[in-house]
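Student: First the structure, which I've put down as structure tokens, then a few questions once you've had a look.
The values are calculated or read from the model by the stated rules, or taken from the named source; none is laboratory data. Since this is a predicted model, take the numbers as computed values, not measurements. Glycine also receives a Cβ, built like all others from the backbone with ideal geometry; neighbour counts cover every protein chain displayed. Accessible surface is based on the protein model in full, side chains and every heavy atom, while ligands, DNA and RNA are left aside. Shrake-Rupley method; radii C 1.70, N 1.55, O 1.52, S 1.80 Å.
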Amino acid sequence: MKKGAFTWFGYVLPLAQQLEAIANAGFDAVMLWWGDSLADYYGTPEQRARMVERSGLAVDSVHLPYEQVNALWQKDNGALVAAYLGWIGECARFGYPRVVLHATSGDTPPPQSREGLEAFACIAAEGQRLGVEVAVENTRFLRLLLDVMHAPGCETLKFCLDTSHGHLRGDTGLLMEALGAKLSCLHLSDNDGREDRHWLPGNGRIDWRQIASLLAGAGYKGCLSLEVVPREDEKSMGPEAFMQKAYRRLSAFEERVLAARAD
């Protein structure tokens, strides 16, 4: 299976150096952050694309901005919908296969609305038109996620499983039962059951045998992608050594997935 990592992994580095550390550790692919919030640091979309191409890494997914996503559920959501369509268009231009977005952000859920469901249907339609998968990530509110995934016009939406979020909410099994057939990509990380720590698999309390079994049961054969940062005692390792450790942990998890698939 391909192995990937998010370009942000806890060390403040230029994007080119992040990509170099990921590639040197043996990874095949990356997840990129999109939008304008990091443009001064990561450069323009064209500059990012050139850096990724030079790294030799594939792009498994692009994470779209989520800070304002609750506004998609409001009546005056046109400008934000247009922003999402524009980001999908940029990713299509560079040949990136999928984008990831949230259905909600923060601790207070927006009220479910017709405008919100229509916004996600519009985003799904643009992804289908441009040949870009649109995957919705599990965050805090399972009901709203399921409402989006089952809404008219949203049939082409895919699912992105975030194991840390699922562990904190205790709903990973429910998510995979409901959406495993739509699983398109992963955000793999561990936590202590209290906060979204983004630790390496094995550094927290997640049952990785269960996760491997769920992925095997869903027939998932896509990229195993980490979204991790160092634990306090790992920060002094430095970026190259940390990513090498991350690769070893991910390889061990891959073995569990393959073993579960063979059972």
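Student: Pick from Ala21, Ala82, Ala92: which is hydrophobic (A, V, I, L, M, F, W, C), out of contact with any Phe, Trp or Tyr (no Cβ under 6 Å at 6 or more places or on another chain) and without any contact (Cβ under 8 Å) to a residue 12 or more places away in the chain?
Tutor: That would be Ala82, the only listed residue that is hydrophobic (A, V, I, L, M, F, W, C), out of contact with any Phe, Trp or Tyr (no Cβ under 6 Å at 6 or more places or on another chain) and without any contact (Cβ under 8 Å) to a residue 12 or more places away in the chain.
Student: Follow-up question, since we're still on this one. Among the numbered criteria (1) assigned to a helix (DSSP H, G or I); (2) under 27 Å from Lys221 (Cα atoms), which single criterion is violated by Met31?
Tutor: (1)
Student: Still on this structure, I have one more. Just give me the residues in the range 88-106 being touching a strand residue (DSSP E or B) at 6+ places or on another chain (Cβ under 9 Å), in a helix (DSSP H, G or I) and either closer than 25 Å to Arg169 by Cβ or open to solvent by 40 Å² or more (accessible area, probe 1.4 Å) (or both), in sequence order. Walk me through how you get there before you give the answer.
Tutor: Quick first cut of the range 88-106, residues touching a strand residue (DSSP E or B) at 6+ places or on another chain (Cβ under 9 Å) only: 88, 90-91, 94-103.
Then keep just the ones that are in a helix (DSSP H, G or I); that gives 88, 90-91.
Glu90 - this is the single residue of the range 88-106 that is touching a strand residue (DSSP E or B) at 6+ places or on another chain (Cβ under 9 Å), in a helix (DSSP H, G or I) and either closer than 25 Å to Arg169 by Cβ or open to solvent by 40 Å² or more (accessible area, probe 1.4 Å) (or both).
Student: To continue, here is another question. Of all residues in the range 34-76, which are closer than 16 Å to Ala5 by Cα, hydroxyl-bearing (Ser, Thr, Tyr) and in a helix (DSSP H, G or I)?
Tutor: The answer is Ser55, and nothing else.
Student: A follow-up question, please. Only one of these conditions is not met by Gly217: (1) surrounded by 16 or more Cβ atoms within 10 Å (Cβ to Cβ); (2) within 29 Å of Tyr96 (Cβ to Cβ). Which number is it?
Tutor: The single condition Gly217 does not satisfy is (1).
Student: Can you tell me which residues in the range 109-123 are in contact (Cβ under 8 Å) with a residue 12 or more places away in the chain and either open to solvent by 30 Å² or more (accessible area, probe 1.4 Å) or within 20 Å of Asp162 (Cα to Cα) (or both)?
Tutor: Pro109, Pro111, Gln112, Glu115, Leu117, Glu118, Phe120, Cys122
Student: Identify, by number, the condition in (1) open to solvent by less than 40 Å² (accessible area, probe 1.4 Å); (2) farther than 24 Å from Phe6 by Cα that Ala79 doesn't meet.
Tutor: (1)
Student: Every residue in the range 141-155 that is in a loop (DSSP other than H, G, I, E, B) and buried (at least 18 other Cβ atoms within 10 Å of the Cβ), please. First the steps, then the outcome.
Tutor: We begin by selecting, within the range 141-155, every residue in a loop (DSSP other than H, G, I, E, B); these are 141, 150-155.
Result: Phe141, Ala151, Cys154.
Student: Could you count how many residues in the range 230-261 are farther than 19 Å from Val12 by Cα and in contact with a strand residue (DSSP E or B) (Cβ under 9 Å, 6 or more places away or on another chain)? Spell out how you get there, then give the answer.
Tutor: First pass over the range 230-261, keeping only residues farther than 19 Å from Val12 by Cα: 247-261.
Restricting the remaining residues to those that are in contact with a strand residue (DSSP E or B) (Cβ under 9 Å, 6 or more places away or on another chain) gives 247, 249-251, 253-254, 257.
Number satisfying all stated conditions: 7.
Student: Taking Ser225, is it touching a Gly at 6+ places or on another chain (Cβ under 9 Å), open to solvent by less than 10 Å² (accessible area, probe 1.4 Å), at pLDDT 95 or above and under 20 Å from Phe6 (Cα atoms)?
Tutor: For Ser225, the condition - touching a Gly at 6+ places or on another chain (Cβ under 9 Å), open to solvent by less than 10 Å² (accessible area, probe 1.4 Å), at pLDDT 95 or above and under 20 Å from Phe6 (Cα atoms) - is met.
Student: Counting just the residues of the range 1-22 that are touching a strand residue (DSSP E or B) at 6+ places or on another chain (Cβ under 9 Å) and open to solvent by 30 Å² or more (accessible area, probe 1.4 Å), which one comes out farthest from Gln68 (Cα to Cα)?
Tutor: Among residues in the range 1-22 that are touching a strand residue (DSSP E or B) at 6+ places or on another chain (Cβ under 9 Å) and open to solvent by 30 Å² or more (accessible area, probe 1.4 Å), the one farthest from Gln68 (Cα to Cα) is Met1.
Student: Let me ask something else. Is it fair to say Ser113 is of a type in the set (Gly, Ala, Ser) and out of contact with any Gly (no Cβ under 9 Å at 6 or more places or on another chain)?
Tutor: yes
Student: Is it the case that the range 64-71 has a residue that's within 20 Å of Lys158 (Cα to Cα), in contact with a strand residue (DSSP E or B) (Cβ under 7 Å, 6 or more places away or on another chain), open to solvent by less than 40 Å² (accessible area, probe 1.4 Å) and in contact (Cβ under 8 Å) with a residue 40 or more places away in the chain? Show your work before the answer.
Tutor: Step one: of the range 64-71, the residues within 20 Å of Lys158 (Cα to Cα) are 64-66, 69-70.
Still in the list and also in contact with a strand residue (DSSP E or B) (Cβ under 7 Å, 6 or more places away or on another chain): 64, 66, 69.
If we keep only those that are open to solvent by less than 40 Å² (accessible area, probe 1.4 Å) too, we end up with 64, 69.
Restricting the remaining residues to those that are in contact (Cβ under 8 Å) with a residue 40 or more places away in the chain gives none.
No; the residues of the range 64-71 include none that is within 20 Å of Lys158 (Cα to Cα), in contact with a strand residue (DSSP E or B) (Cβ under 7 Å, 6 or more places away or on another chain), open to solvent by less than 40 Å² (accessible area, probe 1.4 Å) and in contact (Cβ under 8 Å) with a residue 40 or more places away in the chain.
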